[in-house]
1. Can you work out the Karplus-derived ³J(HN,Hα) for every residue in region 200-214? Use 6.51 cos²θ - 1.76 cosθ + 1.60 with θ = phi - 60°, whole Hz, and x for glycine or proline.
2. If you count only protein heavy atoms with a 1.4 Å probe, what accessible area per residue comes out for the chain, rounded to a whole Å²?
3. What residues qualify as long-range amide H neighbours of Phe168, i.e. H under 5 Å apart, gap of 5 or more or another chain, H built at 1.01 Å from N?
4. Run the dipole for the chain about the Cα centre, Lys and Arg Cβ at +1, Asp and Glu Cβ at -1, nothing else charged, and hand back the magnitude in debye, nearest 20.
5. Per DSSP H run of at least 4 residues, take -39500 (n - 2.57); add these up for the chain, divide by its residues and hand me the 222 nm value, nearest 500 deg cm²/dmol.
6. Given the chain, what count of lysine pairs have C-alpha atoms under 30 Å apart, with each pair 8 or more places apart or on different chains?
7. First compute the accessible area of the chain with a 1.4 Å probe, then give the percent of it belonging to carbon and sulfur atoms.
8. Work from the charge dipole of region 130-241 (Cβ charges, +1 for Lys and Arg, -1 for Asp and Glu, about the Cα centre) and give the residue of Leu184, Thr167, Gly233 farthest towards its positive end.
Amino acid sequence: MEPQNHTRVSEFLLLGFSDDPELQLLLFGLFLSLYLVTVLGNLLIILAVSSDPHLHSPMYFFLSNLSLADISISTTTIPKMLVNFQTHSKSITYAGCIAQVNFFALFACLESLLLTVMAYDRLVAICHPLYYLVIMNPRLCGLLVLASLSISFLNSLLHYLMMTQLTFCAGVELPHYFCEFSQLFNLTCSDTSISSILIYFIGTIFGGVPLSGVLYSYSRIISSILRLSSLGGRYKAFSTCGSHLSVVCLFYGTGIGVYISSALSSSPRKSAVASVMYTVVIPMLNPFIYSLRNKEIKSSLWRISHRIA
């Protein structure tokens, strides 16, 4: 089949998980429920942080931005999948596919950077508690979020530029439920030698650097905690970063797991199933992790529920 310019490709086919109509109906109900829980849970976190003066601190400011990133990641991927389930269609337009690639790159990178910023916040809180409010002042917090957003936009722009340079054969079928760049990259008809180098470079910079920042912060945190003589003091210090550490392990653990499974597995659909973890499950779990392990969040949500009632 002769390759044609990408502007001629009007749509892609998202093969998803199954062609069985009954299973698709079950999957529609499942993913709709997960999406609604994700949006509601993260909106409650944002509402609690914005409405409760007790939560107007750097840690919760970063948490509300993380919740916004979680909602955005899920909204980038799930609604289109639900529409396809409902209409029994597998198509997505070329413009829609580019939009999914760009927005997913933007919000996934933003989540990674926010987790790094939150790790630095916990580092300052545990290693320099007396200077915490001086160091983590509102100006610095705003600059850290703005810098994270700017870097994420740059990552998204690079993905857009690479996407527009790819050419595809007619009738491109993606064995996935959304337009993931690596899947598109594997199906291109154009020369990908330069793009392959760029992908590894971008992955190292935008993925490896934030992870290195998280590992460095927690190495300093653990070292500081171990120097405490009191067992109660160690527990209290570690409990302040327990929720964040859980989210970090889930986010990076599943991301690395998906990468390894896609590299070792010959079935692209298994990779799609594994991708559900970091596009659907983790954004849904984050609010529960922070609310269940945080007394201040639980108290704020309790007060909000009483005001509504």
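The values are calculated or read from the model by the stated rules, or taken from the named source; none is laboratory data. Worth saying up front: this structure is predicted, and the values here are computed from it rather than measured. Quick reminder, even Gly has a Cβ in these numbers, built from the backbone with ideal geometry, and neighbours come from all protein chains shown. Areas reflect the complete protein model, heavy atoms only, side chains present, ligands, DNA and RNA absent. Shrake-Rupley method; radii C 1.70, N 1.55, O 1.52, S 1.80 Å.
1. 5, 5, 5, x, 5, 6, 7, x, x, 5, x, 4, 4, x, 5
2. 51 Å²
3. Answer set, sorted by chain and number: Gln4, His6, Cys189.
4. The calculation lands at about 1260 debye.
5. So the helix-based figure for the chain works out to -25000 deg cm²/dmol.
6. Lysine pairs meeting both conditions in the chain amount to 5.
7. 70 percent
8. Gly233
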